[in-house]
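> Next up is a structure, given as C-alpha cells.
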Amino acid sequence: MSLLQVRHLAKSFGGVRAVDDVSFDLPAGQLLALLGPNGAGKSTCFNMLNGQIKPDAGEIMFEGRDIAGMQPREIWRMGVGRTFQIAATFHSMTVIENVQMALISYEKKLFGLWRPAREYLRDQAMALLAQVGMADQADRACSVLSYGDVKRVELAIALANKPRLLLMDEPTAGMASKERHALLALTKKLVVEQQLAVLFTEHSMDVVFAFADRLIVLARGKLIAEGDAESVRNHPLVREVYFGTGSTFSDTAVTA
C-alpha cells in the first residue's frame with residue numbers, strides 16, 4: 001500500500017471547481033512532482049493535503065488513515081513535513097536555534113526565562129543540519145545566509161518531526177540554476193536514504209525532469225496526465241495545455 005493515497009479529491013470556491021475528482025498514489029522512497037499551469041488547482045490540492053484547506057469531497061489516506069479535514073498541526077504531528085514557497089525561518093535567530101525551535105515544538109517543551117532552551121536538543125539539531133550540509137554554519141544568523149542556504153535550513157526544520165511524507169511548495173523558487181539543482185539533489189538523496197515520500201510543486205522544468213521519479217499534471221482542476229518525465233513531456237494534453245497542440249516541454253523551460 002502506498003504511503004499516501006488521494007481519492008476523488010474535490011474543492012470548489014463559489015462556482016469554480018478548483019480541484020475536480022483528483023486521485024493519485026505516492027509510495028515511500030519516491031519524489032513526485034505536481035505540475036500545472038496557473039489556475040490548474042495545484043495550490044488548492046497541495047493545501048488540502050496539508051490541512052490548510054478542507055476538501056469538499058474525497059479521501060486523503062496517510063498510512064491508512066484519512067487525514068482529510070484535519071488541522072495542519074495534527075497532520076504535522078502524524079509525520080507530514082512541509083516547506084513553503086517563501087522560506088519560513090526566524091532571521092534574527094541563528095541557524096541552529098531555528099532547528100532547535102522546531103524540535104522543541106515537536107516535543108511540546110516549554111521554557112521560561114529561568115530555564116533557557118539554548119542547549120536543549122542541540123545535538124539533534126546539529127544532526128539535522130549535517131543532513132542538509134549546514135552544520136558548519138550552525139551559529140550564523142539566518143539573516144546573513146544566502147537564499148539557497150536559507151532553503152536548506154528550512155529543509156532541516158521540516159525534518160524535525162521525523163516525517164515520512166514531505167510536502168514542498170515550489171522549493172527552488174527564487175534560486176539560481178546551480179542552487180536549484182543542489183537543493184533537489186539533496187532532497188532526492190534524502191528520499192532514497194530515508195525512504196521519504198516527497199510531493200513537490202515546481203515551476204522550473206529543468207529540476208523536475210532531472211530529479212522527479214514521477215509527474216502528475218493538473219489543468220482546470222482535473223488530473224490530465226501522470227507518469228515518468230518522458231511520457232508526460234510528450235503527452236498530447238500536456239502539450240496542448242502548456243504551449244498549444246504540437247509543442248513540447250523544453251528541458252530548461254520555466255513555465256509550470
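> Which number comes out as Rg/Rh for the range 58-193 once both Rg and the Kirkwood Rh are worked out on C-alpha atoms?
Reported Rg/Rh (Cα atoms, Kirkwood Rh): 0.98.
> Can you pull the Rg over Rh of the range 67-109, Cα-only, Kirkwood?
Details: Rg = 12.1 Å, Rh = 11.9 Å.
Using Cα coordinates only, the ratio equals 1.02.
> Now, a different point. If I stretch the segment between Arg220 and Tyr120 completely, what's the gain in nm (0.36 nm per residue apart, minus their alpha carbon distance), one decimal?
31.2 nm
> Report, for the chain, the % of DSSP beta bridges that are antiparallel, rounded to 5. Show your work: numbers first, answer last.
Numbers: 20 of 38 bridges.
Antiparallel bridges make up about 55 percent of those DSSP assigns within the chain.
> Please identify the DSSP H helices in the chain that span no less than 15 Å along the helix axis (Cα) and have a mean Kyte-Doolittle hydropathy of -1.0 or more.
Details: long enough: 95-106 (17 Å, 1.02); 147-158 (16 Å, 0.27); 177-194 (25 Å, -0.23).
Helices meeting the criterion: 95-106, 147-158, 177-194.
> Could you pull the Rg and Dmax for the chain, using just the Cα atoms, both in Å?
For the chain, the Cα-based Rg and Dmax read 18.7, 68 Å.
> Going down the table (Lys162/Lys222; Lys42/Lys188; Lys42/Lys151; Lys54/Lys162; Lys54/Lys189), which pairs top 29 Å between alpha carbons?
With Cα atoms farther than 29 Å apart: Lys162/Lys222; Lys54/Lys189.
> Let me ask another. What distance in nm separates the two pseudo spin-label positions at Leu186 and Arg7, each 7 Å out from Cα along the beta-carbon direction?
Going from the Leu186 label point to the Arg7 one covers 3.8 nm.
Every number here is computed from the coordinates shown, using simple stated rules; none is lab data. All of these numbers come straight from a predicted model, not from anything done at the bench. Positions of Cβ are backbone-derived with ideal geometry, glycine not excepted, and every protein chain shown enters the neighbour counts.
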